[in-house]
Structure formats: structure tokens, C-alpha cells
Amino acid sequence: MLENIKLSFQGIWSHKMRSLLTMLGIIIGIASIISIVSTIKGTNEQIKQNLIGSGTNAVDVELYQGDAPYEMEYMSIPAGVPEITEEIRQKIEEIPSVEKASLYVERTYVSNTFYLNNAFNGTIRGIDENYLSVNGYSVIYGRGFVEKDYTDFRQVIVLDETAAKTLFPGISALGKEVEIKEQPYTVVGIVRLSEESEPVINTITDYETYVGESSGVLFLPLSQWPAVYQYDEPENVSLRATSTDEMATAGHKAAEILNETLNVSSESDLSYQSTDMTQQARDLQKLSNSTNMQLIWIASISLLVGGIGVMNIMLVTVTERTREIGLKKAIGAKDSNIMWQFLTEAGVLTSMGGVIGVIAGIILAQIISKLTGAASAISIPSIAVAVVFSMVIGIVFGLVPAIKASHLNPIDALRRE
């Protein structure tokens, strides 16, 4: 085999221009496929990041009535929805696809919240000790909530950067008192959502999904929620999945655990449901893939043309080396030896074309990304498949010339001029 490979390189090198032109179809086909696959992968990752961000893999499991979240701003406390106990929270954390779980309650539009003459109309959340870390918030000034804030029922709050700028334009928020429904709450910290966790808002749908937080978020210790709203409310769960691909599974399993605790009638239509942004991502990725698969099939035509070119050139090579074949057979070479020699040469020729095509495809993907702004990501499996596939093309299309060479009569071959 090594001798055949050596002879193949010698034959390719002795006819450099012809070999390059023969490989051109393979190079163009492989380069096209690699660049398209890279664009598909990059686009899919961009879709995933646009919708759900990357890094925290946070999933919210909320109480729904029918197909809409249960809005406490406009509805009364639902019957049959018990408090989510620490035991239930720990049970959710035991789900294999869940790293950590936290509890929270929320109002998406808060009123009667002021600092001097500045009003806050954003989102208010009552959160437990785990919420900030689960959702990728980091403290940039002051501190987060500590255990005594909960056990001693301290009237303290944490703001995100947007809320801090809304209530305290141009001044530091730390230590200031915010009035929430005529009760004073001291700002103890400012937090920021990590950049890798922020969804990218490109469309009106994305905007509508995240508009609730456009004015910022004010965080209360969960123990302070009844002091503000006078009663306990149904809690939601925010959890961090082990990976982005596990978000849907983690959310669905957590919802199943929570729904087992409900004691409601079917008429109430109450249930816990996960916010499955990954399904939206998959739907968009599927649409993107279906379009790009057509491009892959079109690019594959050049591989077929390249394979035909390999067959044609190998037939010419057999004709040119007829006397060589006859001489080898005369001194004892078997038909299989001759066949494998020409198959190896065809395989080496197309493999070289495949490798060059992969390099050209990676460069082409980067150029397209720079010119159009489209995301691209190199797929290692597709590179491996492309090289192997190019080798298979050489073997398949080199088979006819190789068989023809192996079946030559040695006497007739030696007599040919």
C-alpha cells in the first residue's frame, strides 16, 4: 500500500497541471459544501444566542392559565396552588439536566415606586438566595442579598443597572432609600446581567419578548414580598440547565414535578409550564437548514462532475501506461496488484483535492462572513466527512479504469506502441 501511495504521488507530480485541473471539480465542490455548512452552523448558533443567550442556560417555569402566564396584577390568588417548599426545590435540583434551581415571584409593571420625583415603572421580582447566580447576574457595586436579609426581614433591595439609572440618574444608588408603596427600602447593591447571557434583540418579536425588562429590574428578598403586596403569591421557578441543549428537558421535567403539587380542577386550566425558547430556536434553525440543504445539493453536483473528470483522466492514464502494465504483469504482478495501484492513485488524487477544498472552504466561509456579516462556525465533523467523501469519490470513479488496467493482456500490452 505504501508503495502504491508513493507511485501515486510520483504520477501526480509528473503531470502537475493535469492533476490540478482534475482535482478542480473536487476542490470547488468540497469548498462550497464546507463554506455552506460553516454558515449553517454559525447561523444556528446565532439564532440560539439571539433567543436564549449563552452561558447561563436559564429556564423559567411559570404558572399558566391556559396558554398565558397567570398575571397577579389582574387576578386573585388561585386556589389549589400550594407554596413551593424547599423540599420541592431540592427535588427539582436532583433532575440530571438541572444544575441549580431558585424561586421567585414577579410583577412585570410596578407602580408607586419612587426616589424623590423619579418614578420606576419596570419589573419587580421577589427572589431567593440562588436567583442572581442562576440567571447570570453579577454584583458590580455593593452586595447581593445575604441570609440575614431573609431571616430578619430587612427592607433592602438590589437594582440592575437600568433600574439604577432610571431612579438615580447621575448619582450613586447605594445607600439611598426607594419608596415602594410608601415603605422605605435601602439599595444595597447594583447587579449586571453578564453579556453572554443577554439575548440579542433583532426583531419586533424579540423586543416584545423582553420589553418587560426594558425599564430595568428591582429585586426584593422573597421574604419581603408579602409586606409589599399583603399576601403570599404563587411562586415560579428559575433553573439553570447543564447545557443549552438540555434546557427544554430541564424545564419540562421541573414543570411535571410542580404540577404534581397542584390541587386544581380541570376547569381552572392552571398548570406550570416552561418558557421553551429552545423550541423557537429549533424552529428557526429548521427553516434555515431546509434552505441551505438545497445549496448543499447544488454544490454536490460539482463533486459528481469532479468524479467524472477523475474517471476520464484515469482512463487516459491507463492508456498512457499500457506498456508499464504489461511489463509488470510479465514479471508476475497479479490483476489485484494492478487494480489497487490505480485505485490508490485515484484515491490520493481526490483526497488531495478534498484537503485543498477544505482549506479553500474555511477561507471562503471567513470571507463571506466578513463581507455579509453572516455568522460562521467551522464544523470539524463536516471537514472529516468531506475528506473521506472525496476519497470515496476517487475509489468509486477510479474503479472502472482500475478494472480495465487489471484486465489488460500482458502480451498485447507489451506490443502496444
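The values are calculated or read from the model by the stated rules, or taken from the named source; none is laboratory data. For clarity, every value in this text was computed on a predicted model and none was experimentally measured. No Cβ is skipped: glycine too gets one built from the backbone with ideal geometry, and neighbour counts run over all protein chains shown. Surface areas here come from the heavy atoms of the whole protein model, side chains and all, with no ligands, DNA or RNA. Shrake-Rupley method; radii C 1.70, N 1.55, O 1.52, S 1.80 Å.
Points to keep in mind about this one:
- Surface accessible to a 1.4 Å probe, Arg192 within the full protein complex, Å²: 100 Å²
- Among the listed pairs Lys16/Lys370; Lys100/Lys148; Lys100/Lys165, those beyond 28 Å (Cα-Cα): Lys16/Lys370; Lys100/Lys165
- Modelled spin-label separation between Thr319 and Ile140, with each label point placed 7 Å from Cα along the Cα-to-Cβ direction: 7.4 nm.
- Extending 7 Å from Cα along the Cβ direction at Asp269 and again at Leu21 yields two label points whose distance is 7.2 nm.
- Mean Cβ neighbour count within 10 Å, used as a protection proxy, ranking 387-393, 339-345, 78-84 highest first: 339-345, 387-393, 78-84
- Straight-distance crosslink candidates among lysines, where the alpha carbon sits under 20 Å from Lys404 and sequence neighbours closer than 8 are dropped: Lys328, Lys329, Lys334
- Amide hydrogen neighbours beyond the local backbone of Gly122, cut-off 5 Å, H modeled: Val110
- Hull shadow area, averaged, segment 71-113 [alpha-carbon convex hull, nm²]: 4.7 nm²
- Sites Glu177 and Ser223 - FRET efficiency at Förster radius 22 Å, r taken between beta-carbons, to 0.05: 0.70
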